[in-house]
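Visitor: The structure is given below, and queries will be raised subsequently.
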Amino acid sequence: MIIIEDKLVSDDVFEKQFICNLKACKGACCWEGDYGAPLEEAEKTTLNNIYEDIKSFLSPAGRKIIEEQGKYVYYEGKGANEWGTTLLEGSACAYMTLENGTAKCGIEAAYNAGVTDFKKPISCHLYPIRVSANKQTGFEALNYDEWEICSAACELGEKEQVPVYEFLKEAIIRKYGADFYEQMEGAAGYLEDEREKGN
């Protein structure tokens, strides 16, 4: 574990390799799982504010369930106690669309079209890093989330030798800033030196 500013960063974030491989997984992370994408408090407000602008980019089923249940819901149990995106029956994210059999994010489609400056929830952008916060200490922990549906991404990352933190450069800078990312690069160099000393 490496401490950067007030964040605890798992060694796996530097040592595991990962490149999202949509051709192989078809975006399964958008429809697998028990909960919607975790949302920060400010993101709930953002979804409320942009919904009318982005709803034409969503599927009819997605719009229907959002209008019935809300733009986000609170999830409890199995370790989850947080707000997340609404789900369709069968666990798919209500903001998901399908394009030639591959899951895409309707929010991101609206962003790419210039309709909103909100790309997508940061939890989606940062995946496979999961951020957990300890409210008592004020620390956040950044952990690598290993999920079987991402095995093709791990294989591609290993082939191209791209560590998780490098693959997620844009998302990390979006969340924590460029200085934080530079410190991550320094930490990666330190860990590499330590590995070489161990050999």
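The values are calculated or read from the model by the stated rules, or taken from the named source; none is laboratory data. Owing to the predicted nature of the structure, the values given are computational and were not obtained by experimental measurement. All Cβ positions, even for glycine, are placed from backbone atoms using ideal geometry, and neighbour counts span all protein chains on display.
Visitor: For the stretch 156-196, what are the residues that are surrounded by 19 or more Cβ atoms within 10 Å (Cβ to Cβ) and of a type in the set (Val, Ile, Thr)?
Guide: Residues satisfying the conditions are Val164, Ile172.
Visitor: Sort through Glu148, Glu155 and tell me the only one that's charged (D, E, K, R), over 22 Å from Tyr95 (Cα atoms) and in contact (Cβ under 8 Å) with a residue 60 or more places away in the chain.
Guide: Glu155
Visitor: Here is a follow-up. Could you look through the stretch 104-137, keep only residues that are among the small types (Gly, Ala, Ser) and buried (at least 20 other Cβ atoms within 10 Å of the Cβ), and pick out the one that is farthest from the chain's Cα centre (by Cα)?
Guide: In this case the residue turns out to be Ala110.
Visitor: Same structure, new question: Quick one: count up the residues across the stretch 73-86 that are farther than 20 Å from Phe118 by Cβ and in a strand (DSSP E or B).
Guide: 6
Visitor: Among (1) closer than 19 Å to Glu32 by Cα; (2) surrounded by fewer than 20 Cβ atoms within 10 Å (Cβ to Cβ), which single condition is Ala153 missing?
Guide: That leaves (2) as the condition not met.
Visitor: Residue check: is Leu98 touching a Ser or Thr at 6+ places or on another chain (Cβ under 7 Å), outside any helix (DSSP H, G or I) and hydrophobic (A, V, I, L, M, F, W, C)?
Guide: no
So that you can scan it fast, the table gives a plain yes or no per residue for (1) assigned by TED's automatic domain parsing to the domain that holds Asn143; (2) buried (at least 17 other Cβ atoms within 10 Å of the Cβ); (3) among the hydroxyl-bearing types (Ser, Thr, Tyr):
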| site | (1), (2), (3) |
| --- | --- |
| Ile2 | yes, yes, no |
| Glu5 | yes, no, no |
| Leu39 | no, yes, no |
| Asn48 | no, no, no |
| Gly70 | no, no, no |
| Glu76 | no, no, no |
| Asn81 | no, no, no |
| Gly90 | no, no, no |
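Visitor: Let me ask you something else. Which of the residues spanning the stretch 121-137 are in a loop (DSSP other than H, G, I, E, B) and more than 20 Å from Ile107 (Cα to Cα)?
Guide: Listed by number, the residues that qualify are Asn134, Lys135, Gln136, Thr137.
Visitor: Test Gly177 against the stated conditions and say whether it is more than 24 Å from Tyr72 (Cα to Cα) and modelled with pLDDT of 95 or more.
Guide: yes
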